[in-house]
Every structure is written in C-alpha cells, then in structure tokens.
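One structure below.
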Amino acid sequence: MYPQAVIFDLDGTLIDNNAYHIKAFKAFYDKIGKPFTIEEYKQHINGRVNREIFDYVFNTTLSPEQSEAYTNEKEGLYRELYAAHIKPIDGLIDFLEALEQAKIPKAIATSGVIPNINFMFEHIPIRNYFHSVIDSTQITIGKPHPEIFLKAALSVNAVPSECIAFEDSVAGIKSAKAAGMKVVVLTTTHTADEMKGADLVIKDYTEISLTKLRELQV
C-alpha cells in the first residue's frame, strides 16, 4: 500500500545546497564580527525559519523589519553563490516521475523563503510535480514543531500518519515525526549517525523506490 502523500523538505532534500547556505552565513557572520562553525549551523540554523535564526544569531527578538533586512541580505548572497551550481539531487526527477505515475500527491514543506523557492523552480523544472508548497510565511512556529508538516498534509487532503516525509535536518526529522509521519532522511548535511529517529537513511534518490515506500508503510 502506497502512502497517501509524500512531503519533501527543500534545502538539502531536493537540492544539495547547504554548502552554499553555509558559505552565505559565514560571510554574514564575518560581516557582523562573530565566529561561525559548521556545528552551529547543524544545531541552530539548518531546517529553521529565518526569523528564528536571526533572533538566535543576535541573541534578541528582532523587529520584523530587521529580520526581513537580514534575511534579504543573506539569502541574496546565497542565490548569488549557488546560481552557477544548482541541480537536483541525483535520482530526484526519476523518483518524482515514479510518484507521479503512481498518482501519489506530493507537497513541499520548507522553512525557506519564497525568493529561494522560486529560484529553485526557475533552474530546475519540477514545479508541476507538486500539488502545494508550504513555506515559512504560512506557519507561525518553525521546525521542529510539526505545524508545517501538518499543513502540508492538509494541503493534499492526506492523513499525516499516512504520509512519508523526506528531510535532511535534525529539526526536520523531529517536525515530521511529531506530525506522525515516517521519515526518509538524506545525508547531504548530517551523517547517518546524527540522524536519530529517521525510518530510512539514503544518500540520494537512486537509493529509494516505490517498493521501499510501501515497505515503510507496513
């Protein structure tokens, strides 16, 4: 039995782009005179919404205007760095096509901002595969809270416990599991050992199939 829907995170899940987010954050941290580490990115930044990230970076509650300005600065730099390198994770398009042929609805649940979502769709022609996109403007609490995955399931008329989520972050795994979903995680950002709670760990989409999705539903 197939899942009622498959819900994908975006950054590090549809595209292997976190190295470029890291470069952009490193440049941002350098500008404000703060040290930056990969571990900090993994623990406090990856998978979370920007308004929470920049409150964390500055250790205060920023105004919406301040948060938006910092977001625009950092995300603009990210797009500039990544534009020449953007591509789907190996096997993604074949897997999306297999889901399409099986008539399994697909949604995106991303903490990212709309300009970055559009940037991906402009470079990778996969928009038509997705029935809906839930982004950071549509939620009140970011991952690891389950709100974004619950809304994504609702958007495709699916029961959350009958959905499978694809993620790459610890916060994302916690979010999807809290929504009651099985989780497949890609090792684009974390090692397999760091991905506690995932139901299946894969390197890319050449390691997943409809048969494996069915097995996860058992």
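If you take just the strands (runs of 3 or more DSSP E) that sit entirely in the range 97-178, which of them hold at least 3 residues that are in the same structural domain as Lys196 (by TED's automatic domain parsing) and farther than 21 Å from Val201 by Cβ?
Working: elements: 106-109, 132-134, 163-167.
Answer list for the range 97-178: 132-134.
Residue by residue through the range 1-31, note down the ones that are part of a helix (DSSP H, G or I) and either β-branched (Val, Ile, Thr) or more than 21 Å from Asp90 (Cα to Cα) (or both).
If the condition is that a residue be part of a helix (DSSP H, G or I) and either β-branched (Val, Ile, Thr) or more than 21 Å from Asp90 (Cα to Cα) (or both), then Ile22, Lys23, Ala24, Phe25, Lys26, Ala27, Phe28, Tyr29, Asp30, Lys31 are the ones that fit.
For the subset of the range 20-31 comprising residues that are under 22 Å from Phe166 (Cβ atoms) and in contact (Cβ under 8 Å) with a residue 24 or more places away in the chain, which member is surrounded by the fewest Cβ atoms within 10 Å (Cβ to Cβ)?
If we filter the range 20-31 for residues that are under 22 Å from Phe166 (Cβ atoms), which is where we start, we get 20-22.
So of that shortlist, the ones also in contact (Cβ under 8 Å) with a residue 24 or more places away in the chain come out as 20-21.
Values: Tyr20: 20, His21: 23.
Result: Tyr20.
Okay, residues lined up against (1) surrounded by 14 or more Cβ atoms within 10 Å (Cβ to Cβ); (2) of a type outside the set (Val, Ile, Thr); (3) modelled with pLDDT of 95 or more:
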{"site": "Glu122", "(1), (2), (3)": "no, yes, yes"}
{"site": "Arg127", "(1), (2), (3)": "no, yes, yes"}
{"site": "Ser132", "(1), (2), (3)": "yes, yes, yes"}
{"site": "Thr137", "(1), (2), (3)": "no, no, no"}
{"site": "Thr140", "(1), (2), (3)": "no, no, no"}
{"site": "Ala152", "(1), (2), (3)": "yes, yes, yes"}
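Which residue is surrounded by the fewest Cβ atoms within 10 Å (Cβ to Cβ), if the candidates are limited to the range 179-202 and must be in contact (Cβ under 8 Å) with a residue 60 or more places away in the chain and part of a loop (DSSP other than H, G, I, E, B)?
Of all residues in the range 179-202, those in contact (Cβ under 8 Å) with a residue 60 or more places away in the chain come to 181-182, 186, 188-190, 194.
With the extra rule that they be part of a loop (DSSP other than H, G, I, E, B), the set shrinks to 181, 188-190.
Numbers: Met181: 31, Thr188: 18, Thr189: 27, His190: 22.
That would be Thr188.
Here is a list of conditions, (1) under 20 Å from the mean Cα position of the chain (by Cα); (2) at negative phi, and Gly47 meets all of them except one; can you say which number that is?
Gly47 satisfies every listed condition except (2).
Taking the range 32-88, which residues are hydroxyl-bearing (Ser, Thr, Tyr), part of a loop (DSSP other than H, G, I, E, B) and either buried (at least 19 other Cβ atoms within 10 Å of the Cβ) or at pLDDT 95 or above (or both)? Walk me through it before giving the result.
First, the residues of the range 32-88 that are hydroxyl-bearing (Ser, Thr, Tyr): 37, 41, 56, 60-61, 63, 67, 70-71, 78, 82.
If we keep only those that are part of a loop (DSSP other than H, G, I, E, B) too, we end up with 37, 60-61, 63.
Passing the criteria: Thr60, Thr61, Ser63.
How many residues are of a type in the set (A, V, I, L, M, F, W, C) and either surrounded by fewer than 16 Cβ atoms within 10 Å (Cβ to Cβ) or under 21 Å from Val159 (Cβ atoms) (or both) when one looks only at the range 101-120? Can you show your working first?
From the range 101-120, those of a type in the set (A, V, I, L, M, F, W, C) are 102, 104, 107-109, 113-114, 117, 119-120; that's our starting set.
Then drop every residue that is not either surrounded by fewer than 16 Cβ atoms within 10 Å (Cβ to Cβ) or under 21 Å from Val159 (Cβ atoms) (or both), which leaves 102, 104, 107-109, 114.
Going through the range 101-120 one residue at a time, the tally reaches 6.
Within the range 178-218, how many residues are of a type outside the set (A, V, I, L, M, F, W, C), out of contact with any helix residue (DSSP H, G or I) (no Cβ under 9 Å at 6 or more places or on another chain) and over 19 Å from Asp16 (Cβ atoms)?
Of the residues in the range 178-218, 5 are of a type outside the set (A, V, I, L, M, F, W, C), out of contact with any helix residue (DSSP H, G or I) (no Cβ under 9 Å at 6 or more places or on another chain) and over 19 Å from Asp16 (Cβ atoms).
The values are calculated or read from the model by the stated rules, or taken from the named source; none is laboratory data. None of these values were measured; they are calculated from a predicted model. Positions of Cβ are backbone-derived with ideal geometry, glycine not excepted, and every protein chain shown enters the neighbour counts.
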